[in-house]
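The values are calculated or read from the model by the stated rules, or taken from the named source; none is laboratory data. This is a predicted model, so every value here is computed, not measured. FYI the Cβ positions are ideal-geometry reconstructions off the backbone, even for glycines, and counts take in every protein chain you see.
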C-alpha cells in the first residue's frame with residue numbers, strides 16, 4: 001500500500017499568496033463596484049522591453065525553420081547565455097565565474113526550492129525572519145524542519161534570525177550553529193540590504209563553521225546605494241561557502257516568461273565532492289533545460305538596448321517605491337525598504353496584526369498588500385507593499401491610504 | 001558542518017545521454033571527415049508547426065503591450081490550456097477529466113522526476129526493465145532504492161519487471177508487492193505497447209494491492225493500432241490508482257520549447273488525503289508556472305491547423321520508423337517496436353553487448369544509437385534507434401547498416 005510524504009501535511013494552511021488571492025476574490029465578488037489596487041504580490045506590470053521582444057520574435061522564427069530549429073537545450077544552459085552572464089553580472093564587478101559554474105533554469109523559485117535536495121536531510125537550516133516562504137516550505141517538504149508550533153509560528157528544527165526594527169532589519173550571526181544559511185539581499189519582504197563589510201562577516205562565519213550560504217540575489221538590480229554588494233562573490237572567500245541564485249523576473253519583467261540561474265562555484269566542496277557536480281547531476285536528471293527562445297530573450301537583456309530599456313523599467317518601479325515610501329512617511333507610518341529594493345515594509349498602526357491590517361486596507365482603501373506575518377513570525381505587526389504596480393495605481397493607492 | 005545528500009553519490013557513472021555525447025564528441029574530433037548520423041537521443045528534428053509559430057508570435061506581441069502583458073501564470077496552468085486538454089485528450093476518448101485535475105508544467109521529464117516527492121521515502125517502486133532512466137534515478141536521489149549492485153546493474157530495493165523477447169516486451173505483474181509502479185506505454189525504449197485489456201489488469205492489480213501507477217504516456221500520439229489505449233483512464237477504476245504524465249515534446253516537437261502536463265484525479269487518495277492536493281502544493285511551492293507564450297503555443301497544437309500539421313509531423317517520423325524497421329529486418333536483425341512508437345528496438349548481433357554494438361555502429365557506420373543496457377539490466381543485448389532523424393539521414397543510416 002503506497003504511503004504519502006507526510007511532511008506535506010505538516011505545512012500549515014495554504015501558501016501565502018493563494019490565501020490572499022482567495023480573500024481578494026471574495027471581496028471582489030461581494031463588492032463588484034470597488035476598484036481594487038494590487039500592491040501585494042511581487043509581480044511586474046510593465047511589458048517586456050522592446051529588445052527582448054525582438055529577440056523572442058527572432059528566436060521563434062529560428063524554431064520555424066529546419067536549419068535553425070533547436071531541440072533539447074543543453075541541460076545547464078546555452079553557452080551564449082552563460083558567457084553573457086559571466087561577463088555582465090560578474091566580470092564587471094571584478095568577480096571571475098566560469099561558464100560551467102552557471103546553471104540556467106526556469107526561474108529562481110524553482111532553484112531556491114530545489115537547491116536543498118543536494119544536502120543531507122539532517123542538515124539544519126537558518127533563515128532570516130521574515131523572509132520569502134519558499135526556503136522554509138521546501139525544507140518542510142523534505143522533512144528537515146521538525147514540527148510546527150502554531151502558537152509561535154515556528155518550526156522546532158529551524159534557526160530563525162529575526163530581522164526587525166530592533167536589529168535594523170538585518171540578521172545577526174546565530175547563536176546555534178546552522179549547516180545551511182539562507183540569505184536574501186535585497187531582502188524580500190523587508191526591502192533591506194546589508195553592506196559589503198557586513199556580508200563579509202557572514203562569509204567568514206560560514207567558512208569558519210563549515211556552513212553553506214544560499215544567497216538569493218533576485219532583487220540585485222534595484223540596489224541604488226554604494227557599498228551594497230551586488231553579488232556575494234564580491235566578498236573574499238565566498239566561493240568556498242556560497243551558492244548564488246539570480247532571476248530575470250524583477251530586473252527584466254520575466255515573471256511570466258521564466259528564466260533564472262544559479263551559480264555553484266567549483267571551489268565549494270564537501271570533502272572531495274564538488275557541489276557543482278551534484279547540482280549538475282540534478283539538472284541533468286530532473287530538468288530538461290530552459291527553452292531556447294527564453295534563453296535568447298535572456299541574452300537580449302544584456303544587449304546595449306536591453307540594458308538601457310530594463311534600467312528604465314527599474315527606474316519606473318523605483319519611482320513608485322519613492323511615492324509609497326514618502327507617502328506613508330507623510331501619513332505617519334514607520335517605514336523601511338524602498339531604497340535598494342522594490343519593497344516597502346511598514347509597521348501596522350494601532351497594534352493591528354498583519355492580517356487585521358490586510359483586511360482593513362482591503363475594506364477601507366481597496367488596496368491589496370501582503371501581511372508581514374506570512375513571511376515568518378517576526379513579520380507579525382508589519383506589512384509589505386510593492387512598487388510593481390503602475391504609476392497611476394500606486395499614486396491612487398497612496399492617496400487612499402493617506403485619507404484613512 | 002553541512003553534509004551532502006549521499007544518495008547522489010550512489011548513482012553509477014554519469015547519465016546515459018551525457019556518456020553518449022562524450023563518446024560521439026571524441027569520435028568526431030578523431031574523425032573530422034566522417035559524417036555522423038544521430039539516431040540516438042529521442043530529439044525531434046522538424047521545426048515547430050506553422051500554427052504553433054503563429055501562436056508564439058501572437059503571444060510575444062501580447063507580452064509587448066501593457067494591456068495584454070502577462071506576469072506570473074497560474075501555478076497549475078492557464079484555464080484556456082487545461083480546458084483544451086480535457087476536451088481534446090480526454091473527452092474525445094470518452095474520459096472525463098476536470099480542469100483542476102490537470103497540472104501544466106515545463107515538461108514530462110520534470111514531472112516524472114518530481115512526482116516521487118509526494119510519496120513516502122520508504123515506498124517501494126517497480127519499474128519496467130528496460131525503461132527511461134529518470135524514474136529510477138530520481139528515486140535513487142530520494143534514497144528510495146537501496147544499494148546499487150554493479151555486477152547485475154540493479155538496486156537492492158527496486159522491483160524490476162523484465163520486458164524482453166521472452167515476455168513479448170511487456171511487463172508481468174510482479175511477485176513482490178510494490179507501492180509505486182512506473183509504466184510507460186508506448187514504451188521508451190522498446191517501442192512496445194500493451195492492449196487495453198492488458199492495461200486493465202494493471203489497474204485492477206494496483207487497486208487491489210493499494211499501489212499507485214505513474215503512467216507515462218509521452219508517446220501516445222504515435223499509437224497506430226486499434227485497441228491500444230491512449231490514456232490509462234480508458235481503463236475502469238484508473239482514477240483511484242493512476243497518475244498520468246503527458247508531453248508536448250514528441251507529438252508537437254516541443255523538446256526545446258518545454259511543455260507537459262500531469263493528471264492527478266481527485267479520486268486518487270491515501271486515506272482522506274487527495275494526491276491532487278499534494279501535487280498542487282508542490283506546484284505552488286516549488287514551481288512558478290509554465291511561460292504564457294509556451295502555454296499559448298501548446299493550445300495552438302489543438303487548433304484545427306495545429307492538429308493537421310502535427311499529425312503530418314508524426315506521419316513523417318513514422319515513415320522513418322518503417323524504413324528503419326523494415327531495413328533492419330531485411331538485413332537479418334531481430335526487431336520490435338516502430339509500429340506504435342518512434343523507437344525501434346533491435347537485438348545486438350553476434351552476442352555483442354549493447355555498448356560494443358554502440359561502438360561498432362559508431363565506428364563502422366558512423367551511426368549513433370542508444371545502448372539498451374543504459375535503460376536497465378534487461379536492456380543488455382539490445383539497442384535503440386529512433387525515428388526522429390530526417391528522412392534523408394534515416395535512409396542513409398539504414399543503407400550503411402545494411403552494408404555492414
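Residues checked against (1) touching a strand residue (DSSP E or B) at 6+ places or on another chain (Cβ under 8 Å); (2) modelled with pLDDT under 95:
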residue	(1), (2)
A:75	no, yes
A:80	no, no
A:124	yes, no
A:138	no, no
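If you check B:334, B:353, B:348 for being touching a helix residue (DSSP H, G or I) at 6+ places or on another chain (Cβ under 8 Å), within 25 Å of residue B:13 (Cβ to Cβ) and either without any contact (Cβ under 8 Å) to a residue 12 or more places away in the chain or surrounded by fewer than 18 Cβ atoms within 10 Å (Cβ to Cβ) (or both), only one passes: B:353. So for segment B:194-203 (the condition being over 20 Å from residue B:233 (Cα atoms) and outside the structural domain of residue B:372 (by TED's automatic domain parsing)), does at least one residue qualify? Within segment B:194-203 (the criterion being over 20 Å from residue B:233 (Cα atoms) and outside the structural domain of residue B:372 (by TED's automatic domain parsing)), the answer is no, since none of the residues qualifies. With respect to the stated conditions, residue A:300 is within 14 Å of chain B (Cβ to nearest Cβ), in contact with a helix residue (DSSP H, G or I) (Cβ under 7 Å, 6 or more places away or on another chain) and either without any contact (Cβ under 8 Å) to a residue 24 or more places away in the chain or assigned to a helix (DSSP H, G or I) (or both). Within segment B:84-104, the set of residues being within 14 Å of chain A (Cβ to nearest Cβ) and surrounded by 21 or more Cβ atoms within 10 Å (Cβ to Cβ) comprises B:104 only. Being surrounded by 20 or more Cβ atoms within 10 Å (Cβ to Cβ) and more than 10 Å from chain A (Cβ to nearest Cβ) is a property that holds for residue B:81. With respect to the stated conditions, residue B:312 fails to be modelled with pLDDT of 95 or more, over 24 Å from residue B:155 (Cα atoms) and in contact with a strand residue (DSSP E or B) (Cβ under 9 Å, 6 or more places away or on another chain). Residues of segment A:6-30 that are touching a residue at least 12 places away in the same chain (Cβ under 8 Å) and part of a loop (DSSP other than H, G, I, E, B): A:11, A:12, A:15.
Out of curiosity, is residue B:69 within 13 Å of another protein chain (Cβ to nearest Cβ) and either without any contact (Cβ under 8 Å) to a residue 12 or more places away in the chain or out of contact with any strand residue (DSSP E or B) (no Cβ under 7 Å at 6 or more places or on another chain) (or both)? Taking the combined requirement at face value, the residue satisfies it.
No other residue among A:162, A:171 is farther than 19 Å from residue A:243 by Cα and touching a residue at least 24 places away in the same chain (Cβ under 8 Å) apart from A:162.
Can you work out which of the residues in segment B:39-60 that are facing another protein chain (nearest Cβ under 8 Å) and either within 30 Å of residue B:372 (Cβ to Cβ) or without any contact (Cβ under 8 Å) to a residue 24 or more places away in the chain (or both) is surrounded by the most Cβ atoms within 10 Å (Cβ to Cβ)? Ranking the qualifying residues of segment B:39-60, first place goes to B:44. Being more than 9 Å from chain B (Cβ to nearest Cβ), touching a helix residue (DSSP H, G or I) at 6+ places or on another chain (Cβ under 9 Å) and touching a residue at least 60 places away in the same chain (Cβ under 8 Å) is not true of residue A:107. Only a single criterion out of (1) crowded, with 20+ Cβ neighbours inside 10 Å; (2) free of Cβ contacts under 8 Å to residues at least 40 places away in the same chain; (3) within 12 Å of chain B (Cβ to nearest Cβ) is not satisfied by residue A:238, namely (3).
Of all the criteria given as (1) touching a helix residue (DSSP H, G or I) at 6+ places or on another chain (Cβ under 7 Å); (2) not assigned by TED's automatic domain parsing to the domain that holds residue B:69, the one not satisfied by residue B:313 is (1). Restricting attention to segment B:313-329, which residues are touching a residue at least 12 places away in the same chain (Cβ under 8 Å) and away from every other protein chain (no Cβ under 12 Å)? Listed by number, the residues that qualify are B:314, B:317, B:318, B:319, B:320, B:321, B:322, B:323, B:324, B:325, B:327, B:328. Taking the criterion of being surrounded by fewer than 24 Cβ atoms within 10 Å (Cβ to Cβ) and either within 9 Å of another protein chain (Cβ to nearest Cβ) or free of Cβ contacts under 8 Å to residues at least 24 places away in the same chain (or both), the residues of segment B:257-279 that qualify are B:270, B:271, B:272, B:273, B:274, B:275, B:277, B:278. Out of curiosity, is residue B:35 surrounded by fewer than 19 Cβ atoms within 10 Å (Cβ to Cβ), modelled with pLDDT under 95 and away from chain A (no Cβ under 13 Å)? Criteria not met by residue B:35.
With the condition kept exactly as written, say whether any residue in segment B:288-297 is at pLDDT 95 or above, surrounded by 24 or more Cβ atoms within 10 Å (Cβ to Cβ), within 22 Å of the chain's Cα centre (by Cα) and at positive phi. Yes, the conditions are met somewhere in segment B:288-297. Closer than 30 Å to residue A:65 by Cβ, surrounded by fewer than 18 Cβ atoms within 10 Å (Cβ to Cβ) and at pLDDT 95 or above - does that describe any residue in segment B:202-224? Yes: one or more hits. Hey, any hits in segment A:167-184 for a residue that's within 14 Å of chain B (Cβ to nearest Cβ), on the phi > 0 side of the Ramachandran plot, touching a helix residue (DSSP H, G or I) at 6+ places or on another chain (Cβ under 6 Å) and surrounded by fewer than 21 Cβ atoms within 10 Å (Cβ to Cβ)? No; the residues of segment A:167-184 include none that is within 14 Å of chain B (Cβ to nearest Cβ), on the phi > 0 side of the Ramachandran plot, touching a helix residue (DSSP H, G or I) at 6+ places or on another chain (Cβ under 6 Å) and surrounded by fewer than 21 Cβ atoms within 10 Å (Cβ to Cβ).
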